[in-house]
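Here's the structure, in structure tokens; my notes come after.
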Amino acid sequence: MSGKKSEFGLIIKLLAALVIGAVVGRVAGVGLMDALVSLKYAVGQLIFFAVPLVIVGFIAPAIARLGQNASKMLLTAVALAYFSSVGAAFFSAFSGYAIIPHLSIPTTAEGLVALPKPSFVLNIPPLMSVMSALVTALILGIAANWAKAETMMKLLDELERIMTNVVVRLVIPLLPFFVGATFCELSYEGRLTEQLPIFLVIILIVIFGHYIWLGLLFTIGGIISGRSPWQVIRFYLPAYLTAIGTMSSAATLPVSLSCARRSPVLSRTMTEFMIPLGATVHLCGSVLTETFFCMAISLMLYGTLPSFGTMVLFIFLFGIFAVGAPGVPGGTVMASLGLVTSVLGFDPAGVALLLAIFALQDSFGTACNVTGDGALALMMEGIFNKNKQLDDKFGTGE
């Protein structure tokens, strides 16, 4: 319950910061903006200093545990989750290239008020780049498993707990101020009156994209399993609505399990295995959303869409981050901040805008993630239980 309240509270704080920042920016003078810009710069330095540490602290232990407990079913499930997320991102990217240029997104800076330069600059360079952090995490996790280094695995678990506290006690409390200050800057410059309304259209496009992707996943699940996907989908409305209300796959898990157990085409073994695992590693809706938002923000703030090669690199790495570090408080977007800055080249204004706009639809992305877990369970039935040898149903589905 506390986890649900925490995530819901973060969304409320981000949205409140967005509104307050936008209002303050309309009335602030040069003196107030000078102080705000300086303070925001220092806060941004702290946040981005922590990002590489968070990457190592979450991904390395996750990979070490995966290798330690590796089995054919586990690896298959994780692979399905990865390819679902990557596929959703590619679908979103291709849609973005086709749709975003026609949305009349303002890209010029004409008529904007210039921001004052920060009078106080506190530079806190990260210990390593984001790419170095990712490679370090991969090598540490894989090598610890190869060497069966139990002490190192325990140390990695300790590091994960430490970085969880860094995120919960330092990064997350700073995020609302960071977002609010950025929206105050955007409002002061005069960007919001032109740029914010277009995001309402983009959010509707993304939600429609969720339904298309879910339809594709369940169609594939039906083909692989030889069973009717409708016999899974029709039980999932309570889980979908619960996810919209909680904005958390973990908080929705009891309802998700209840829905999957009622399906007459899912076995008990596959339900109890895939649904909890999917709540941890399958984030197709969130990945689809963030990919589309990143492209729109890139055009809005930097005047151009990312190149196709850049998006391919971003998507494949984003899939790893989504599987390896989905439990970071604040959602998928927090886990991917390093990629957004290093691969897509977002500055603090772009990051803050992404955080705030992502928060507006986070509940629908979570609902897509949760419902998609049912499709992955159906795929797993076709791969490991094609002949229904796992005769361990919960009930009749009524």
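Points worth noting:
- Peptides 369-375, 303-309, 199-205, 48-54, ordered by how many other C-beta atoms sit within 10 Å of their residues on average, highest first, read 369-375, 48-54, 199-205, 303-309.
- Each residue of segment 296-311 was assigned a 3J(HN,Hα) from its phi angle through the Karplus expression (A = 6.51, B = -1.76, C = 1.60, θ = phi - 60°), giving 5, 5, 4, 5, 5, 8, 10, x, 8, 7, x, 5, 4, x, 4, 5 Hz with x at Gly and Pro.
- Our coupling estimate for segment 181-186, obtained by passing each phi through the Karplus curve with A = 6.51, B = -1.76, C = 1.60 and θ = phi - 60°, is 5, 5, 5, 5, 5, 4 Hz, Gly and Pro reported as x.
- Accessible area per residue for segment 174-303, computed on protein heavy atoms with a 1.4 Å probe, is 34 Å².
- Highest mean first, the peptides 146-159, 229-242 sorted by other C-beta atoms within 10 Å per residue fall in the order 229-242, 146-159.
- Distance violations [Cα-Cα > 23 Å] among 13/117; 72/386; 40/117: 13/117
The values are calculated or read from the model by the stated rules, or taken from the named source; none is laboratory data. Computed from a predicted structure; not experimentally measured. Positions of Cβ are backbone-derived with ideal geometry, glycine not excepted, and every protein chain shown enters the neighbour counts. Ligands, DNA and RNA are excluded from the accessible area calculation, which covers all protein heavy atoms including side chains. Shrake-Rupley method; radii C 1.70, N 1.55, O 1.52, S 1.80 Å.
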